[in-house]
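Read the structure below first, then the notes.
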Amino acid sequence: MTATTDRQPTVFEERVYEAVTRIPTGKVTTYIDIGREIGCRSAQAIGQALKRNPYTEVPCHRVVTSNLSIGGFAGTNEGNPIRVKRDLLIAEGVAFDSESDISQSCLFTFYV
């Protein structure tokens, strides 16, 4: 992957980004599930890593909150970035039960 900034991601951030690249198109997973996959108990740490994502090929818009609400995007929880995140998910085939709640059928987990 090629970073779009001069700052080099940490080893932890690279682990987050690698896990996120395994989320299939049309599916989402949660900050908590990413944490479980890489051995981190902090959903907030996962969110901070995604906020600093320098790779355009890492689909961080596919990560949502544990209650399947849309969560944050581009460092914010409101406004145009959230509309962009929702539009990206819809374009990939993610179904919504309401304006901001994603259908359980679109949830991807790393383990069975």
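Under 5 Å between amide H atoms, partner at least 5 residues away or on a different chain: which partners does Phe96 have, H built in plane at 1.01 Å?
Close amide H contacts, sequence-distant or interchain: Ser103.
Per-residue counts of other Cβ atoms within 10 Å, averaged by peptide: what ranking do you get for 15-28, 35-48, 60-73, highest first?
60-73, 15-28, 35-48
Tell me the label-point distance for the pair Thr10, Thr76, using the 7 Å Cα-to-Cβ offset, in nm and rounded to one decimal.
Using points 7 Å along Cα→Cβ, the separation is 2.6 nm.
Take Tyr111, project a point 7 Å from its Cα along the Cβ direction, then tell me which residues of the stretch 15-35 have their backbone nitrogen under 15 Å from it.
What the label zone holds, given the 15 Å backbone N cut-off, is 30, 32-35.
Over the stretch 11-106, calculate the relative contact order: mean separation of alpha carbon pairs under 8 Å at least 6 apart, over the residue count, as a percent. Write out the running numbers ahead of the final one.
Working: 118 pairs, mean separation 27.7, N = 96.
So the answer I get is 29 percent.
As a test of the formula, what do you get for the chain when each DSSP H run with n ≥ 4 contributes -39,500 (n - 2.57) and the sum is divided by the residue count, at 222 nm and rounded to the nearest 500 deg cm²/dmol? Intermediate results must be reported in sequence, preceding the final value.
Details: 4 runs with 39 residues, N = 112.
It lands at -10000 deg cm²/dmol.
What are the DSSP H helices in the chain that stretch 15 Å or more along their long axis, judged by alpha-carbon atoms, and whose average Kyte-Doolittle hydropathy comes to at least 0.0?
Details: long enough: 80-91 (16 Å, 0.09).
The qualifying helices are 80-91.
Add +1 for every Lys or Arg and -1 for every Asp or Glu among the other residues with Cβ under 10 Å from the Cβ of Phe108, and state the total.
Values: positive: Arg22, Lys27, Arg62; negative: Asp33.
Neighbourhood net charge equals +2.
Read-outs: derived from the displayed coordinates by stated rules, not from any lab. Computed from a predicted model, the values in this text were never measured in an experiment. Because the Cβ atoms are built from the backbone with ideal geometry, glycine has one as well, and the counts that use them run over all protein chains shown.
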